[in-house]
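The values are calculated or read from the model by the stated rules, or taken from the named source; none is laboratory data. Just so you know, these numbers come straight off a predicted model, no measurement behind them. Counting neighbours? That spans all protein chains shown, and the Cβs are built from the backbone with ideal geometry, glycine included.
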Amino acid sequence: MTNTIACVEKADVILVTGSNTTENHPVISAGIKRAVTRKGARLIVVDPRRVKIATFADHWLRPNLGTDVAWINGMMQVIIAEGLYDRQFVEARTEGFEALKQVVAKYTPEYVEGITGIPAADLAAAARIYAGAKVGNIVYCMGITQHITGTDNVKSLANLAMLCGHLGVEGGGLNPLRGQNNVQGACDMGGLPNVFSGYQAVTSEEARRKMEAEWGVTELADKPGMTVTQMLPAAHDGRLKALYIIGENPLMSDADIQHAEKSLQHLDFLVVQDLFLTETARKADVVLPSKCFAEKDGTFSNTERRVQRVRKAVEAPGEAWDDWQIVARVAGRMGYAMPYRNAEEIMDEIRRVTPSYAGITYARIEEEGLHWPCPNPEHPGTPVLHKEQFTRGRGLFHAIDWLPPAERVDDDYPLYLTTGRVLYQYHTGTMTMKSEGLMDRAPESFLEISLRDARVHGIADGDRVAVTSRRGTIHLVARVSSQAVDGTVFIPFHYAKAAANQLTNAALDPIAGIPEFKVCAVRIAPAA
Amino acid sequence: MGDHDMLVMNGNEFTIEPGETILDLARRQGIEIPTLCHLKGATPTGACRICVVEVEGARTLLPSCTTPAAKNMVVRTESPKVVEARRTILKLMLASGNHNCAARGSDEGDWTSFQLEVEKGDRSEELCPVWGDCRLQDLAYRYQVTGEGLPRTAIPYPLEDVNPFIVRDFSRCILCGRCVQACNEIQVNKAISFGFRGAGTKVVAAGDNPLRDSDCVFCGECVQVCPVAALVEKDVRYRVRPWETTTTRTTCTYCGVGCQLRLHVKDGRVVKVSGVEGVAPNYGSLCVKGRFGFDFIHSPERLTTPLIKEDGAFREASWEEALDLVARRLESIKAAHGSDAIGLLTSARITNEENYVAQKFARAVLKTNNVDHCARL
């Protein structure tokens, strides 16, 4: 997030898109709902499902799946044509405006309606509200990123925010909600193929020299490695021989699970380190038991870049160890000593090599976390990014044309399927499915379908149905719901017994390598 | 100082901050005024009237939570009149429900029959489930009040426990309305409200249905703000007493909001979770997963020992053996196929320190940049 979680309550217009906020980030949704009900903020929700947060909105815009660039360009077309953009911000802080203007010119509300299905007048009205905001806040989530055009979608939202001058201001910004407790921290710490901690590029000679000096090694690899979505195909065709997986369950979370499973079978050696014997761990040659959050010390970095303490409350079961201890001992056996005595010593090393974390000590975050960048021990942290300038200096508009999703409906697969999550479950369910209470509330997977689609396909609420895509078939119960819109069905991906990712398309965003979980074509039939 | 409005409280002069109530000013100055219904972040209602104070020139005692601090006011927060009023309010509350903490006292010395009756509704022979963790009990002791001498009012509504998380005990509800405000103004789930009228007033969900058949999403905000035993976590009620637990503050392990929470630990097990009030990012709020989804910590399915697969089946192994095997196999694959034949998936679930060590291991030891995690999935 460029801004803080608290900022949603300081905005007078909030645009939520691709986020089922009340179910996936309930505590942030409360802030949005308070802003609307108690502080008079106006809310625009753009989402293919009539999700609960949409019931709080002034405008709910319903785009066809995979048409985000089109509606965002459409809003910008209205804002530029009507002169509603922030000229001062565009002139002083950005570049590339003319190219943007040219590309979005054809995205009139009427043209966009043809692509997205959003009524032209509604789109124009929403554009005027966002542009007219004193402080406009954009909140988005995986409904924006899990597309083959995910990077384009995010850049388009950045265009919109810059165009209206809603970046670098308290209350505004561009705010992705991160789905997992420490996905921000995993990225910050260099859990990515192209960067060391603090996003220092592995291709940078200077960064490599610094790490080599700190780590006491030579010849660090200077080319970016493979992403997870490249590793599995590489395993499939024999280029990747060994995989060491810590706390991940790609056999449930990857698109096109059957392919992922074959890929893992082709490995010579698979190590999995986890709390439970997950679907992925069952395929491993060696499984190593690790501690959960309640059993260890350390830090997580939340979605607003706030680094917060994790503290040990209970002993781990049996012989489970800290993940860092396990890795350090493997390293030791491979001839490289990692003699850390505790998590704080690791943080001290992180601070030495990571400029954005340099000022963050355990003592400083004892009571309340700090937002990175925090370059020195006196620095107060940075709740709001890009206040004076962008990372690259001027903010660059990316002129982007809309591209259709990788898979479209046809006679054989006439319905769109989109996937997501439910309030009572979490990711692949390895933790939430251990709770009787949560299972009582959300015991099994379901197909969310509109009343009309259900009738067309001869299905009643509660019927068992077979859902088939080009990649597989799953069986589950139908739930007729007013959240669903005609032509599009929804399945949560948590459940192994009816795994939505048997159906999803593994087509990737070419830059981010994110699969298109949010769009594929399916057919449905009553289960035999 | 001359520019600021001042008032006098308990004989001392204080500066008034713009927009603050008498209660705000008192709290800012460390002067304790008791409250029951007041909920930070919500609209003050003045419902319970425990926070009344005496203001010179006013005809009645004024609720400090709704009365703006005004220039030249002379306020007394613990005058005899104030104390008397609080004692009366507390007496009425204690008489109006199953407050079997012994602070209630008993009519004609017949505590036993009262307790026996409460036990029937409670399905427990113990004293009140929040004994020692109750604002009403605290105040009853502070002002030395019992419910004696007043007739017990009937308990018109039975206990509700037909959901996995929350027990609603209307026999101990003092109708302060904090839960209603927490639900409507803080979490904005709009699941509960005041229903019926007069002596029959009840906090209802969706036209007086059980919570499970309402818009309730079991965030538990209402439980956290309940000052008495009307709302208690199902797994805590009569199983966990506050003096049996220690708490550790930490960060939630579910989504990326990073809610600050307290793990309540009894006999080495996490038995309850509560939100940390007054600090970002959640200011005490949690969701159903963060508050109630902690069973996995002590699940019997947790891995407790390294496992090695032999002939398609796992067998238990020592750390020595497992680590030796992992290191040997990685070494040999690296030697035979090169560093880039190995990949490492680190995790969005583990700590920063662990992620740092994992990527350092891949880069410095395995000598590959094949490092990623499931941010993309």
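Yes or no: B:Gly293 under 24 Å from A:Thr428 (Cβ atoms) and either within 7 Å of chain A (Cβ to nearest Cβ) or hydroxyl-bearing (Ser, Thr, Tyr) (or both)? Taking the combined requirement at face value, the residue satisfies it. Scanning the range A:173-184 for residues that are under 13 Å from the mean Cα position of the chain (by Cα) and more than 7 Å from chain B (Cβ to nearest Cβ) returns A:Asn175, A:Pro176.
When the range B:360-377 is examined, which residues are found to be facing chain A (nearest Cβ under 7 Å) and in a helix (DSSP H, G or I)? Of everything in the range B:360-377, those that are facing chain A (nearest Cβ under 7 Å) and in a helix (DSSP H, G or I) turn out to be B:Lys360, B:Phe361, B:Arg363, B:Ala364, B:Val365, B:Cys374, B:Ala375, B:Arg376. Among the residues of the range A:313-322, those that are within 7 Å of chain B (Cβ to nearest Cβ) and surrounded by fewer than 22 Cβ atoms within 10 Å (Cβ to Cβ) comprise A:Val314, A:Glu315, A:Pro317, A:Gly318, A:Glu319.
Every listed requirement among (1) surrounded by 24 or more Cβ atoms within 10 Å (Cβ to Cβ); (2) free of Cβ contacts under 8 Å to residues at least 40 places away in the same chain is met by A:Gly247 save one, (2).
Looking at the structure I just gave you, is A:Ala35 crowded, with 24+ Cβ neighbours inside 10 Å, more than 23 Å from the chain's Cα centre (by Cα) and more than 8 Å from every other protein chain (Cβ to nearest Cβ)? Considered against the rule, which asks whether it is crowded, with 24+ Cβ neighbours inside 10 Å, more than 23 Å from the chain's Cα centre (by Cα) and more than 8 Å from every other protein chain (Cβ to nearest Cβ), A:Ala35 comes out as yes. Do we find a residue being surrounded by 17 or more Cβ atoms within 10 Å (Cβ to Cβ), on the phi < 0 side of the Ramachandran plot and either without any contact (Cβ under 8 Å) to a residue 12 or more places away in the chain or among the small types (Gly, Ala, Ser) (or both) anywhere in the range B:148-159? Within the range B:148-159, none of the residues are surrounded by 17 or more Cβ atoms within 10 Å (Cβ to Cβ), on the phi < 0 side of the Ramachandran plot and either without any contact (Cβ under 8 Å) to a residue 12 or more places away in the chain or among the small types (Gly, Ala, Ser) (or both). Given the criteria surrounded by fewer than 20 Cβ atoms within 10 Å (Cβ to Cβ) and within 14 Å of chain A (Cβ to nearest Cβ), does B:Asn189 qualify? No. Can you give me the number of residues within the range A:208-221 that are farther than 15 Å from A:Gly190 by Cβ, in a loop (DSSP other than H, G, I, E, B) and either more than 8 Å from every other protein chain (Cβ to nearest Cβ) or of a type in the set (Gly, Ala, Ser) (or both)? Of the residues in that region, 2 qualify. Here are some conditions: (1) within 24 Å of B:Leu366 (Cα to Cα); (2) surrounded by fewer than 24 Cβ atoms within 10 Å (Cβ to Cβ); (3) within 7 Å of chain B (Cβ to nearest Cβ). A:Gln325 meets all but one. Which one does it not meet? Status for A:Gln325: all satisfied but (3). From the set of residues in the range B:324-338 that are in contact (Cβ under 8 Å) with a residue 12 or more places away in the chain and within 7 Å of chain A (Cβ to nearest Cβ), which is surrounded by the fewest Cβ atoms within 10 Å (Cβ to Cβ)? If we take residues in the range B:324-338 being in contact (Cβ under 8 Å) with a residue 12 or more places away in the chain and within 7 Å of chain A (Cβ to nearest Cβ), then B:Leu325 is surrounded by the fewest Cβ atoms within 10 Å (Cβ to Cβ). Only one entry in A:Arg452, A:Arg441, A:Arg421 is of a type in the set (Lys, Arg), within 11 Å of another protein chain (Cβ to nearest Cβ) and without any contact (Cβ under 8 Å) to a residue 60 or more places away in the chain, namely A:Arg441. Take the conditions (1) within 7 Å of chain A (Cβ to nearest Cβ); (2) over 30 Å from A:Phe196 (Cα atoms); (3) over 32 Å from the mean Cα position of the chain (by Cα); B:Val357 misses just one of them, which is (2). Among the residues of the range B:298-323, those that are crowded, with 16+ Cβ neighbours inside 10 Å and either touching a strand residue (DSSP E or B) at 6+ places or on another chain (Cβ under 6 Å) or small (Gly, Ala, Ser) (or both) comprise B:His298, B:Ser299, B:Leu303, B:Thr305, B:Pro306, B:Leu307, B:Ile308, B:Phe314, B:Ala317, B:Ala322.
Scanning the range A:257-294 for residues that are at the interface with chain B (Cβ under 8 Å from one of its Cβ atoms), surrounded by fewer than 19 Cβ atoms within 10 Å (Cβ to Cβ) and of a type in the set (D, E, K, R) yields one hit, A:Asp268.
Scanning the range A:112-146 for residues that are in a helix (DSSP H, G or I) and touching a Cys at 6+ places or on another chain (Cβ under 8 Å), we see that the one that is farthest from A:Ser253 (Cα to Cα) is A:Ala131. Taken over the range B:119-133, residues that are buried (at least 21 other Cβ atoms within 10 Å of the Cβ) and either at pLDDT 85 or above or of a type in the set (S, T, N, Q) (or both) amount to 3.
Each row is one residue, and each column tells you yes or no for (1) more than 26 Å from B:Arg123 (Cβ to Cβ); (2) surrounded by 20 or more Cβ atoms within 10 Å (Cβ to Cβ); (3) facing another protein chain (nearest Cβ under 7 Å); (4) modelled with pLDDT of 95 or more.
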{"position": "B:Ala230", "(1), (2), (3), (4)": "no, yes, no, yes"}
{"position": "B:Thr245", "(1), (2), (3), (4)": "no, no, no, yes"}
{"position": "B:Thr253", "(1), (2), (3), (4)": "yes, yes, yes, yes"}
{"position": "B:Cys259", "(1), (2), (3), (4)": "yes, yes, yes, yes"}
{"position": "B:Gly268", "(1), (2), (3), (4)": "yes, no, yes, yes"}
{"position": "B:Val273", "(1), (2), (3), (4)": "no, yes, no, yes"}
{"position": "B:Glu277", "(1), (2), (3), (4)": "yes, no, no, yes"}
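Pairing each residue of the range A:167-194 that is among the aromatic types (Phe, Trp, Tyr) with any residue that is surrounded by fewer than 24 Cβ atoms within 10 Å (Cβ to Cβ), provided the two are 6+ apart or on different chains, yields no C-beta distance under 6 Å. Number of residues in the range A:185-206 that are within 11 Å of chain B (Cβ to nearest Cβ) and in a helix (DSSP H, G or I): the value is 6. Residue pairs whose Cβ atoms lie under 6 Å apart, separated by 6 or more positions or on different chains, with the first residue in the range A:403-417 and more than 14 Å from A:Lys518 (Cβ to Cβ) and the second among the polar types (S, T, N, Q), are A:Leu403/A:Thr149. Of the residues making up the range A:486-511, those that are buried (at least 20 other Cβ atoms within 10 Å of the Cβ) and assigned to a loop (DSSP other than H, G, I, E, B) are A:Phe493, A:His494, A:Tyr495, A:Ala498, A:Ala499, A:Leu503, A:Thr504, A:Asp509. Identify all residues within the range B:2-25 that are hydrophobic (A, V, I, L, M, F, W, C) and more than 30 Å from the chain's Cα centre (by Cα); write none if there are none. Matches in the range B:2-25: B:Met6, B:Leu7, B:Val8, B:Met9, B:Phe14, B:Ile16.
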